[in-house]
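S.K.: Can you read through this structure? Questions will come right after.
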Amino acid sequence: DVKVTQSSRYLVKRTGEKVFLECVQDMDHENMFWYRQDPGLGLRLIYFSYDVKMKEKGDIPEGYSVSREKKERFSLILESASTNQTSMYLCASRPPGLSNNEQFFGPGTRLTVL
Amino acid sequence: GNSVTQMEGPVTLSEEAFLTINCTYTATGYPSLFWYVQYPGEGLQLLLKATKADDKGSNKGFEATYRKETTSFHLEKGSVQVSDSAVYFCALTSSWGAQKLVFGQGTRLTINP
């Protein structure tokens with residue numbers, strides 16, 4: 001079975017802290033994605049990666065960075081957390097090839113920044 | 001750019017009612033279309049998909065038909081159950097490149113017994 005795991009289900013941090021959200025997939029997928037989910041806005045893409053050490057900005061990358069040192073792991077970094085980054089963060093992965101376009105999602109991390 | 005518009009929620013129905021959640025899209029080329037479902041406390045799961053015009057995706061009694069002429073992909077179910085209570089997202093992905101998913105805003109569905 002396909003599995004995407006995220007390091008925490010709930011996280012509370014303070015303004016200005018550096019925050020790491022970890023995502024691991026066990027499917028040997030090349031493509032990995034980070035989204036944030038906010039009520040009324042759906043899911044918005046923050047960053048994605050199509051290979052180790054490769055990354056591209058999504059639609060809302062400001063205030064975030066990412067790291068992909070190993071194929072199975074994709075980390076989202078909030079360099080200096082702010083209250084407007086309080087949100088649900090969802091990681092996803094996708095197999096290679098144009099025909100395999102389903103994305104598999106992790107359970108999400110609900111981050112609160114105080 | 002690509003975009004997806006879903007009917008606004010929340011939607012509340014009684015058990016065994018007929019369900020329609022509207023979804024329209026704007027895209028260049030020939031996108032693939034998806035419905036994802038998010039049950040309480042969980043991540044998103046693929047419910048169904050369609051990859052070309054006139055395709056019908058179906059799963060768990062839900063159906064949606066890819067209508068290129070009306071740029072729509074409405075979700076339907078003939079008789080909903082309490083267990084269908086969830087948030088439903090319509091999404092599309094381009095047929096080339098990184099195939100990023102573009103989501104609608106989501107529709108919260110509550111089914112009362």
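The values are calculated or read from the model by the stated rules, or taken from the named source; none is laboratory data. Quick caveat: nothing in here was measured; it's all calculated off a predicted structure. Methodologically, a virtual Cβ is constructed for each residue, glycine included, from the backbone with ideal geometry; neighbour enumeration extends over all protein chains shown. The protein model used for the area step is the full one, side chains on, heavy atoms only, and it has no ligands, DNA or RNA in it. Shrake-Rupley method; radii C 1.70, N 1.55, O 1.52, S 1.80 Å.
S.K.: Please compute, for peptide B:29-41, the average count of beta-carbon atoms on other protein chains lying within 10 Å of each residue's beta-carbon.
M.R.: Mean shielding count: 2.
S.K.: Straight-line reach from residue A:55: which lysines have Cα under 26 Å away, leaving out those fewer than 8 places along the same chain?
M.R.: A:3, A:13, A:18, A:70, A:71, B:100
S.K.: Residues of the stretch B:62-107 losing 50 Å² or more of accessible area relative to the isolated chain, 1.4 Å probe, heavy atoms only?
M.R.: So the qualifying set is B:98, B:99, B:100, B:101, B:103, B:105.
S.K.: Apply 1/(1 + (r/R0)^6) to the Cβ-Cβ distance of residue A:57 and residue A:12, taking R0 = 35 Å, and write down the FRET efficiency to the nearest 0.05.
M.R.: The pair residue A:57/residue A:12 has a calculated efficiency of 0.80.
S.K.: Sticking with this one: Which whole-number percentage describes the relative contact order of chain B, with Cα contacts under 8 Å and a sequence gap of 6 or more?
M.R.: Over chain B, the number comes to 37 percent.
S.K.: Any chance you could look up the accessible area of residue A:24 with a 1.4 Å probe, heavy atoms only, rounded to 10 Å²?
M.R.: Looks like 40 Å² after rounding.
S.K.: Next question. At 1.567 mPa s and 4 °C, plugging the Kirkwood radius over alpha-carbon pairs of chain B into Stokes-Einstein gives what diffusion coefficient in µm²/s?
M.R.: 92 µm²/s
S.K.: At 0.36 nm per residue, and after removing the present C-alpha to C-alpha distance, how many nm does the segment from residue B:52 to residue B:110 gain when stretched out fully?
M.R.: Extra length from residue B:52 to residue B:110 when fully extended: 17.8 nm.
S.K.: Once label points are set 7 Å from the Cα along Cα→Cβ at both residue B:59 and residue A:5, what is their separation, rounded to one decimal in nm?
M.R.: Those two pseudo-labels are separated by 2.3 nm.
S.K.: Ballpark to the nearest 100 Å², how much total accessible area do B and A bury together, probe 1.4 Å?
M.R.: 1700 Å²
S.K.: Where q = 0.10, 0.15 Å⁻¹, what log10 of I(q)/I(0) comes from the Debye formula for the protein assembly as shown, counting one point per Cα?
M.R.: Taken in order of the listed q values, log10 I(q)/I(0) reads -0.45, -1.00.
S.K.: Along the Cα→Cβ direction, 7 angstrom out, place labels at residue A:41 and residue B:17. What is the inter-label distance in nm?
M.R.: 3.0 nm
S.K.: Oh, and also: With the Cα gyration tensor of the stretch B:26-76 giving a ≥ b ≥ c as the square roots of its eigenvalues, does the rule (a/c under 1.5 for rounded; else a/b larger than b/c for prolate; else oblate) give rounded, prolate or oblate?
M.R.: It comes out prolate by the Cα gyration axes.
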